[in-house]
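Q: To start, I am sharing the structure in question, which I have written as structure tokens.
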Amino acid sequence: MKTNLLENQSVQKIDIVKVKEGACFSYTDDISVEEPLEIRISYGPKEQRISKNISVTMRTPGHDAELAAGFLFTEGIISGDHQIRNIAHPQAECSRNRENIIEVELAEDYIPQLKSADRNFYTTSSCGVCGKGSIESIKTVSTFQNIEREQYTLLFDVLYQLSGNLQSFQNNFSATGGIHASGIFDFEGRLLALREDVGRHNALDKLIGHALATGQLPLKDKILVLSGRASFELIQKAAMAGISAVAAIGAPSSLAVDLAKEFDMTLLGFLRENRFNIYNESSFHKIINKE
């Protein structure tokens with residue numbers, strides 16, 4: 001997968017008036033940049049290429065290629081990196097708009113599955129499910145649903161550390177306080193990759209796009225840590241990437257719990273320094289205090 005992307009800033013400095021204990025004073029603050037990204041695809045034979053707008057999502061600029069690739073993968077439009085020929089901002093657009101448009105050129109011999117695209121996606125940064133016809137329409141079947149998995153042990157002490165480790169690597173959250181993060185950890189608690197975005201689903205799409213581009217899928221022996229709550233769509237995206245364990249700093253939804261059970265996925269919530277809730281324990285995992 002080749003990429004040709006513009007540099008984007010994810011943090012913007014603005015002058016504000018800060019009020020504290022009845023006093024007002026000038027202050028320069030960091031805020032998270034949020035801009036729309038239109039995802040387009042082109043496919044078909046060289047002489048008969050078809051272009052189609054797939055989605056508009058509000059995102060934090062940066063890692064746009066990974067966001068687009070991850071989105072196409074988790075929605076079942078592509079099943080592998082080999083189906084992507086190139087990802088770039090369009091040259092024909094004016095400079096003001098081109099950084100907010102990403103074009104994914106698919107391989108000439110691949111015809112994408114566009115049942116998802118026909119739903120006319122409009123995704124917001126707060127809710128990735130917005131614009132989709134129904135819950136049933138986003139239950140995409142995972143390529144890795146039936147992969148072989150090994151038995152793993154998850155230790156309390158390792159799980160306790162995950163939320164702090166995630167936050168310690170969240171550079172943009174430290175600056176703005178308004179950024180979500182998704183991080184991939186091994187079962188020893190080591191951070192392998194992290195992506196941030198104002199949209200929690202965007203952060204995860206970027207992370208899965210990174211794993212797709214670097215040949216790491218399926219992530220069957222990894223833990224996904226979410227900086228906020230665990231929604232249905234985040235669990236669906238995790239299942240698409242073959243992730244077997246998800247730990248959220250916030251609460252899961254009822255549909256997220258149902259889907260975790262359907263995919264035999266370990267799901268933890270309210271992850272803190274010394275506590276967490278177990279909403280589902282995979283048959284392949286054993287969560288224990290000490291070995």
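Q: Just the number: Rg to Rh for the range 40-91, Cα atoms, Kirkwood Rh, two decimals.
A: Taking Rg over the Kirkwood Rh, I get 0.95.
Q: So which of K46/K206; K13/K222; K52/K261; K261/K290; K13/K220 end up more than 32 Å apart by C-alpha?
A: Distance filter (> 32 Å) returns K13/K222; K52/K261; K13/K220.
Q: For the range 153-254, what does the alpha-carbon gyration tensor say about shape, rounded, prolate or oblate, given a ≥ b ≥ c as the root eigenvalues, a/c under 1.5 as rounded, and a/b over b/c as prolate?
A: rounded
Q: Kindly write out, for the range 222-233 in residue order, the coupling ³J(HN,Hα) from the Karplus curve 6.51 cos²θ - 1.76 cosθ + 1.60 (θ = phi - 60°), rounded to whole Hz, with x marking Gly and Pro.
A: 10, 10, 8, 10, 10, 6, x, 7, 9, 8, 4, 5
Q: Let me know the charge dipole size of the range 31-100 about its Cα centre in debye, to the nearest 20, where only the beta-carbon of Lys, Arg (+1) and Asp, Glu (-1) is charged. If you can, show how the numbers build up before the last one.
A: On the way: 8 positive and 10 negative charges, 62 e Å.
Dipole about the Cα centre, nearest 20: 300 debye.
Q: Which value, in debye to the nearest 20, gives the size of the charge dipole of the range 182-266 about its Cα centre, when Lys and Arg are +1 and Asp and Glu are -1 at the Cβ?
A: Once rounded to the nearest 20, the dipole reads 120 debye.
Q: Find the accessible area per residue for the range 160-291; the probe is 1.4 Å, ligands and nucleic acids are left out, and the unit is Å².
A: 37 Å²
Q: Express as a percent, rounded to the nearest 5, the fraction of DSSP beta bridges in the range 206-291 (both residues included) that run antiparallel. Before the final figure, lay out each step's value.
A: On the way: 3 of 11 bridges.
So the antiparallel bridges amount to about 25 percent of the total.
Q: For the range 220-291, with all protein chains present and a 1.4 Å probe, just round the carbon and sulfur fraction of the accessible area to a whole percent.
A: After summing per-atom areas, the C and S share lands at 45 percent.
The values are calculated or read from the model by the stated rules, or taken from the named source; none is laboratory data. Fair warning: this is a prediction, and the values are worked out from it, not measured in the lab. So basically every Cβ, Gly included, is an ideal-geometry build from the backbone, and we count neighbours across all protein chains shown. The area values use the complete protein model at the heavy-atom level, side chains included, leaving out ligands, DNA and RNA. Shrake-Rupley method; radii C 1.70, N 1.55, O 1.52, S 1.80 Å.
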